[in-house]
Amino acid sequence: MDSNVLASYQLVFQTDKGTVYQCDRTNRLILSFWGTNTPLSARDFSQFRRMVQTVNIHQMALSTEAADEVEIFTLPRLDRCYVLTLCEILHLRELLNGAVFTLELNSILRECGCSTLSNQD
Amino acid sequence: MKDLERLRTLIKEPVELVLNQQIQMELISSSKYLAMAGWCDRNGYDNSAGFFYKQSEEERNHAMKLFHYLCDQGATAYTPEVPAVTQEFDSLRAVFETVLEQEIAVTDSINRIIGVCRREGDYATEELLKWYVKEQVEEEYIARRCLELIDQIPADQVYYLDTKLASVTYDKNPFENE
Ligand SMILES: [Fe+2]
Ligand SMILES: [Fe+2]
């Protein structure tokens with residue numbers, strides 16, 4: 001864990017390109033990708049994931065237009081954006097899908113009345 | 001680890017998805033009925049036109065009920081795309097045949113959503129959808145009854161047919177006043 005990651009951050013999912021943490025103190029999911037840490041509410045996280053999921057990567061792959069080489073993702077409620085190439089979008093999808101898998105598992109455990117995931121386990 | 005998604009909303013993603021699709025379907029129904037109202041109006045079926053104007057409003061209300069439910073419960077409702085619908089029909093019978101087909105498609109869709117609710121253990125949304133199940137029993141009944149009337153009433157009694165069609169109701173819906 002690098003030094004700017006707070007102690008309250010719990011690891012949700014990690015790839016060699018990025019990490020998703022959850023902070024139970026602030027109820028935020030933290031997307032750590034492309035050298036930036038972006039805290040997102042559950043709603044903004046799912047909206048952002050939808051954006052990343054629905055971008056037409058086939059068009060990006062087949063097109064020769066300069067405008068199709070990158071896709072711009074504006075982060076909800078933040079004056080920041082990611083400008084990503086096709087390859088980076090695929091990395092981001094892998095990261096977000098992995099994170100959702102962990103979050104859903106945590107949800108299922110809670111529904112069953114089992115103890116939820118934690119860093120201590 | 002807190003379940004942030006559950007804290008945000010009662011509605012799970014697969015249910016949110018199918019409810020948004022249903023909103024679109026209801027608004028497409030609304031648009032189809034408005035086109036039918038226009039066709040009836042142009043062709044002198046004043047009473048049937050009135051019936052379809054009202055029906056178009058009702059379908060919009062069906063969509064809005066789901067739209068508000070999603071918003072109220074912390075999920076996201078999306079304003080859907082409504083594609084172009086048929087504006088011209090061969091006959092009044094063709095209009096009502098389209099109605100019955102559309103209502104059957106809606107009933108099937110509601111049933112599928114209830115299947116999703118059960119799979120996801122979402123009993124609240126299932127409860128809400130019971131209203132739609134009841135509504136569809138009524139809508140299918142009315143469409144079938146109208147087609148019967150078209151068959152029963154001689155073709156030259158246009159005014160009588162138009163009046164009868166617009167007055168069809170389902171008074172003895174067994175699901176009402178349980
Ligand atoms: Fe409807
Ligand atoms: Fe209907």
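The values are calculated or read from the model by the stated rules, or taken from the named source; none is laboratory data. On a predicted model such as this, the values are computed, not experimentally measured, just so you know. No Cβ is skipped: glycine too gets one built from the backbone with ideal geometry, and neighbour counts run over all protein chains shown.
Looking at region A:1-41, none of the strands (runs of 3 or more DSSP E) lying wholly inside it contains 1 or more residues that are modelled with pLDDT under 90 and of a type in the set (A, V, I, L, M). Put simply, of B:A94, B:A105, B:A84, B:A77 the only residue that is farther than 29 Å from B:G44 by Cα and modelled with pLDDT of 95 or more is B:A77. The single condition from (1) more than 12 Å from chain B (Cβ to nearest Cβ); (2) closer than 24 Å to B:E120 by Cα that A:C81 fails is (2). Scanning region B:3-39 for residues that are away from ligand 2 (no atom under 16 Å from the Cβ), out of contact with any Lys or Arg (no Cβ under 6 Å at 6 or more places or on another chain) and charged (D, E, K, R) yields B:E5, B:R6, B:K12, B:E13, B:E16. Does B:A63 satisfy the criteria of being closer than 27 Å to B:V95 by Cα, of a type in the set (G, A, S) and either within 14 Å of ligand 1 (Cβ to nearest atom) or within 14 Å of chain A (Cβ to nearest Cβ) (or both)? When the stated conditions are applied, B:A63 passes them. Are there any pairs, at least 6 apart or on different chains, whose C-beta atoms fall under 6 Å, with the first in region A:100-120 and under 11 Å from A:V12 (Cα atoms) and within 7 Å of chain B (Cβ to nearest Cβ) and the second hydroxyl-bearing (S, T, Y) and surrounded by fewer than 17 Cβ atoms within 10 Å (Cβ to Cβ), and if so, which? Once the first residue is under 11 Å from A:V12 (Cα atoms) and within 7 Å of chain B (Cβ to nearest Cβ) and sits in region A:100-120, its partners that are hydroxyl-bearing (S, T, Y) and surrounded by fewer than 17 Cβ atoms within 10 Å (Cβ to Cβ) give A:N106/A:T116. Determine if region A:41-55 includes at least one residue that is in contact with a Pro (Cβ under 8 Å, 6 or more places away or on another chain), at the interface with chain B (Cβ under 10 Å from one of its Cβ atoms) and aliphatic (A, V, I, L, M). Checked region A:41-55: no residue is in contact with a Pro (Cβ under 8 Å, 6 or more places away or on another chain), at the interface with chain B (Cβ under 10 Å from one of its Cβ atoms) and aliphatic (A, V, I, L, M).
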